[in-house]
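Below is one structure, written out as structure tokens; the observations come after it.
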Amino acid sequence: MEQVSSPAPVYGPPQDLLALVDPTVHCMLGNWVREGKSLRSPGQARTTLVFPFDPPQEFRLVIVARRVQGRESLNVTLPVGNSQTMVVLEGYGRLVSGLSLVSGATADHNETTYFGRIFQGDAPVTLEFASAPDYVHVRASQELIIQWQGDASRLSLDQRFWSHIPPRRIALSVYRAETVFVIDRVELLPGPIGARYRPDFARARPGGPGMGRPSRPFGSPPWLSAGPPPSSPPQTQPEETPSPPETAGVRPRSELPGPPITHFDEQPPEEVTQWKDSVGLIEFPLASGTGFVAKEKLIVTNSHVIEGAFVEDLEITFAGAQEGRYRVQKLLYEDPARDLAILYVDCPQKPIPIAFVTELRPGDKVAIISNPSLGNTELILRNAMVAGQVAARVHKKGYDFYQITANVNPGSSGAPLFNWQGEVVGVIAMKATEEGERELGQALRNLDQSFAKIMPGVIRRGMAFSIPGNALVKAIEEAEKELQQPTGRAADLHAERAIFENLAVAGVLYLLKFAANVPDEVRAQEQVVRMRGVPRLAAGKVKLVELMPEDQARKIRSALDASEAREILAFCTKNLDQRLNALKQSPHVDQNRVKLLESLMRTVNTLKRYGESPPTTYQAYSQAALQQSENLKDQVTRLADSFAQLRPAYAD
């Protein structure tokens with residue numbers, strides 16, 4: 001590639017880019033219209049507004065935008081060095097943001113992937129961008145969401161959709177026809193970027209933090225995108241696991257000074273070990289975790305431990321002197337935002353005392369009793385005990401958590417956190433899996449240097465987040481109120497979420513089966529179209545999908561035929577008709593959501609039918625694949641948005 005010398009940094013006054021726009025000249029694929037000083041996008045797919053301005057090599061850009069219709073993305077094209085990149089904001093029908101393309105990978109499958117809400121209703125959102133020849137930095141409502149550094153030649157635009165955008169131009173695009181944005185402000189500040197926009201990349205993960213990912217693969221696979229088939233089979237990107245959402249939102253609480261954290265090998269005292277018999281293993285057919293007796297017959301665990309499970313499927317097993325297996329009778333309390341749940345179980349185990357003072361300081365000694373799994377096996381270590389220290393108190397997603405240095409593994413979620421007097425001072429909520437370590441590593445860059453210096457060794461040993469004890473006390477109070485008034489509200493709301501989770505998982509699996517089960521005659525017709533192309537008269541009317549490569553389809557069919565996948569599908573689809581009918585009678589759930597669940601079930605049943613008996617013509621197969629994948633994405637997104645709007649059970 002020819003190297004173009006970079007011009008000297010340009011300083012200058014802010015440029016009002018909106019004032020430079022003539023909608024009759026600078027709009028592509030649709031007519032944007034003036035609303036006072038603002039511009040409103042038309043309801044047209046891939047509509048684009050190009051700004052008639054030559055940006056310098058380094059600049060900041062401030063955009064104030066409102067999404068007034070639809071739920072899809074606003075895309076901002078930026079020049080970066082001698083390349084261009086597109087910032088996708090809330091795209092893919094899954095609240096996914098990121099840079100597209102990075103080394104040919106789309107925004108939902110590269111190191112910049114971020115999962116989280118940016119646009120709230122039709123409220124204005126301030127977006128800040130910083131661009132230089134070697135990095136891109138994006139903030140939404142002052143929160144850092146994308147941070148990338150590297151060789152700008154890795155960045156490009158997807159020419160299938162955005163070839164109409166001129167080189168080295170800033171542009172705004174709206175991907176879907178049903179989504180409309182109003183742009184109130186676009187201001188460019190030329191010149192070198194200040195320290196706020198030049199983070200210390202030497203301490204950051206190479207390529208930027210790459211924050212966020214959806215917890216489940218809702219939506220269509222990349223091979224179900226519309227468009228004529230490529231001239232050669234698509235090169236699939238290796239599966240990449242972006243870091244968890246809102247990493248940049250984790251910040252330390254400075255009001256908790258304490259001694260420096262050192263290597264900790266001390267064993268818990270008898271005051272802690274005596275409570276092993278009151279910690280149990282919570283199981284249902286697809287998962288397991290830890291729970292403990294916090295009050296008589298009240299079992300505390302994490303909301304995510306029982307996610308997707310119905311109450312009648314949950315069991316808890318205790319070891320020790322009072323060994324036994326017990327069915328869960330009721331769900332008394334659940335707050336997914338806080339990740340707490342409380343179950344009612346008629347068991348004789350003694351309650352573990354909760355500390356009167358649950359406030360912890362860095363350096364405090366703590367212990368965990370849990371039921372971790374051993375590597376990638378089905379073996380579970382019962383009532384394992386580990387000790388550590390409080391590292392810091394951090395704030396994440398609107399809540400406070402303690403970070404604990406301790407060697408934890410999957411299965412520790414829901415475990416009690418003990419002080420050295422044998423009292424519960426918290427609940428383990430997030431574990432140091434490979435995924436968790438990336439989140440912790442990013443968060444700990446904000447902590448004091450004395451702790452940061454010892455972090456590499458600590459992360460290898462493991463670390464956990466803990467919900468503070470004061471939150472547990474509030475949750476128990478709410479559970480006891482529910483026990484006195486057996487309305488079933490918590491159980492009905494949990495059942496509603498569980499139906500959604502199971503339908504979504506089943507829908508994705510059936511969609512994969514549909515995409516993999518391509519009839520031979522459809523593949524033969526695709527080859528003909530590949531060689532001859534789509535006739536000119538039909539090109540605007542016929543929408544065709546890229547078929548999944550045969551070798552990949554073979555692997556997916558094999559995986560879906562395995563016993564594990566069949567068990568997951570059987571569990572996810574068991575008795576859903578009866579459960580939905582029961583929800584219709586509940587006074588505690590939103591009946592509009594129940595109707596959406598019924599629509600989602602119809603889509604899942606249709607995908608199952610197509611997966612077992614797909615259409616046998618390329619056009620019919622494409623039409624069905626596009627329609628059903630779009631239905632699935634739309635319904636899952638609408639339901640996820642509805643659940644996200646539910647108020648938490650309480651606030652800090």
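What the table below lists for this structure:
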| item | result |
| --- | --- |
| Residue check for VAL636: at pLDDT 90 or above, within 19 Å of the chain's Cα centre (by Cα), among the β-branched types (Val, Ile, Thr) and within 20 Å of LEU503 (Cα to Cα) | yes |
| Scan of region 491-523 for residues that are within 16 Å of LYS330 (Cβ to Cβ) and more than 24 Å from the chain's Cα centre (by Cα), ordered by number | ALA491, ASP492 |
| Members of region 549-602 found to be within 19 Å of VAL508 (Cβ to Cβ), of a type in the set (Gly, Ala, Ser) and part of a helix (DSSP H, G or I), listed by number | ALA553, SER558, ALA559, SER563, ALA565, ALA570, SER599 |
| Selection status of GLY93, part of a loop (DSSP other than H, G, I, E, B), touching a residue at least 12 places away in the same chain (Cβ under 8 Å) and farther than 22 Å from ASP641 by Cα | no |
| Members of region 568-596 that are basic (Lys, Arg) and either free of Cβ contacts under 8 Å to residues at least 12 places away in the same chain or touching a Cys at 6+ places or on another chain (Cβ under 8 Å) (or both) | LYS574, LYS584, LYS595 |
| Filter pass, ALA391 being more than 25 Å from the chain's Cα centre (by Cα), buried (at least 23 other Cβ atoms within 10 Å of the Cβ) and at pLDDT below 90 | yes |
| Contacts under 8 angstrom Cβ, first residue in region 34-55 being in the same structural domain as ARG168 (by TED's automatic domain parsing) and closer than 21 Å to PRO124 by Cβ, partner of a type in the set (Asp, Glu) and modelled with pLDDT under 95, 6 or more apart | GLY43/GLU178 |
| Of residues in region 279-301 being surrounded by fewer than 24 Cβ atoms within 10 Å (Cβ to Cβ) and within 13 Å of ASN371 (Cβ to Cβ), the one modelled with the lowest pLDDT | ALA287 |
| Residue check for ALA559: without any contact (Cβ under 8 Å) to a residue 24 or more places away in the chain and assigned by TED's automatic domain parsing to the domain that holds VAL522 | yes |
| Flag for ARG338 being crowded, with 20+ Cβ neighbours inside 10 Å and part of a loop (DSSP other than H, G, I, E, B) | yes |
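The values are calculated or read from the model by the stated rules, or taken from the named source; none is laboratory data. Just so it is clear, the structure is predicted and the values come from calculations on it, not from any experiment. With ideal geometry, Cβ positions are generated from the backbone for all residues, glycine too; neighbour counts draw on all protein chains shown.
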